[in-house]
Amino acid sequence: MSICDDTLLCNFPKCRAKLSAFAWVTACSHVFCDQHGSEKFSRSPVICPACSSALSGKLDIVRMELSPSEEYKAMVLTGLRPDIVLDISSRALAFWSYQVHQERIYQEYSLSRAESQLKQMEKMLTQQNQSRELELTALKGEIASLKKMMDEYKRNYSEVSEKLMQRNRQYQKLQGLYDSLRIITMKDIHQPPVFHSGVARHATPQRSPPFLSLGPEGDSRFLSALEADGGKTFFQFSSPGRDKCRPFIRKH
């Protein structure tokens, strides 16, 4: 039975449907919908699905019409003594109060179970939040380390780029020097010879080595070069002996 209205609910544990039209009422103060009452009470022995009580009496199970007609209301208690009418009414009210009490107990049980589930969910949520905070802290630390590495890579990249630019400038300078020297060399090679008094000479005379230059400095350089290479042995010749030359002279 719902607390907000005055409608009975089926006492079958898996049903809990609102009752309308017809209902099955038991002597143990339980009520069931027409579907489950017809299914459960058609078997033998008859047992209450709510409290497992045996219902062997003839009037232990009654199929009642929940919305009786006005004629039925006018005739059902007609002719009975007032005390019997009051007794019947008190028993009907006791049945109704029992249903209300059972519904309140069921709602309290459902509320306590929902509260326990809520506490468990809150506990799980707290644990998940703590784990997420730990993961977030670890991720923040990892992000900070990655940012530090990225800054270091950027600094290294800028240094390498600057060095590369310097190398490129040096390369361009060397390339320019090489091109100029190559052009000068090609001009010297392709320049035609100049003729003086019947002798062909190149326009640019070749320079003699430094140690063959004229003058006192040239002589000293020449002598020093000879001394370094063994000048004494250079001007000394040993004539071969006569005995050694004789075998080469043929006699006719």
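Any read-out appearing in this document is the output of simple, stated calculations on the displayed coordinates, not a laboratory observation. Quick caveat: nothing in here was measured; it's all calculated off a predicted structure. For neighbour counting, all protein chains shown are included, and Cβ atoms are generated from backbone atoms with ideal geometry for every residue, glycine included.
Numbers for the structure displayed
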{"read-out": "Cross-chain or 6+ apart pairs with Cβ under 9 Å, the range 20-31 first and over 12 Å from LEU55 (Cα atoms), then acidic (Asp, Glu) and loosely packed, with under 15 Cβ neighbours inside 10 Å", "value": "ALA21/GLU65; PHE22/GLU65; ALA23/GLU65"}
{"read-out": "The one condition in (1) out of contact with any Leu (no Cβ under 8 Å at 6 or more places or on another chain); (2) in contact (Cβ under 8 Å) with a residue 12 or more places away in the chain that LEU66 fails to fulfil", "value": "(1)"}
{"read-out": "Residues of the range 3-58 classified as under 56 Å from the mean Cα position of the chain (by Cα), surrounded by 16 or more Cβ atoms within 10 Å (Cβ to Cβ) and outside any loop (DSSP other than H, G, I, E, B), total", "value": "4"}
{"read-out": "Matching entry among ASP87, ASP34 (being of a type in the set (D, E, K, R) and under 13 Å from ASN11 (Cα atoms))", "value": "ASP34"}
